[in-house]
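This report concerns only the one structure given below.
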């Protein structure tokens, strides 16, 4: 049994992704400070935050609801990362690396959601 949310692999991956987004967006143009950069940071921080919040909830449906919010934030971050590449704020290698990490977190979230939904329906 896990002692806390920090032991969840998906939380750890999402947390590291968030740190990487913060580092990456530091290099965005200054005019994006309150635009795309800020949006990406908010989406990125939402992912591990909602995983942690859900873990602390008392019921599986509440936990799953928070995980779906985290999943939605990964979709948002993926869109913003694609846009950042198209605007040439990210080079192709950095964009590809971020998208791969985002997809990994998405897969892990969906696996956890499905597992919890199956457990709740049993």
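Each part gets one Cα centre, and for segment 49-66 versus segment 103-122 those centres are 12 Å apart. Relative to the longest principal axis of the Cα atoms of the chain, the long axis of helix 92-121 makes an angle of roughly 20 degrees. Residues 110, 40, ranked from the fewest to the most other C-beta atoms within 10 Å, line up as 110, 40. Measuring nothing but alpha carbons in segment 53-101 and taking Rh as the Kirkwood radius, the Rg to Rh ratio lands at 1.21. Segment residue 30..residue 94, full-extension length gain: 21.1 nm, with 0.36 nm per residue of separation and the alpha-carbon distance subtracted. Shape of the chain from its Cα gyration tensor (a ≥ b ≥ c, root eigenvalues): rounded if a/c is under 1.5, otherwise prolate when a/b > b/c, or oblate? Because a/c hits 1.5 or more and a/b exceeds b/c, the chain counts as prolate.
Counting neighbouring beta carbons within 10 Å and listing from fewest to most, the residues 47, 69 come out as 69, 47. Pop the C-beta distance of residue 86 and residue 7 into the FRET formula with R0 = 41 Å and round what comes out to the nearest 0.05. Computed FRET efficiency for residue 86 and residue 7 comes out at 0.65.
Counting every other Cβ atom within 10 Å of each residue's Cβ, 67, 77 order from fewest to most as 67, 77.
No lab work stands behind these numbers, since they all come straight from the coordinates. Everything numeric here is computed off the predicted structure, so don't read it as measured data. Counting neighbours? That spans all protein chains shown, and the Cβs are built from the backbone with ideal geometry, glycine included.
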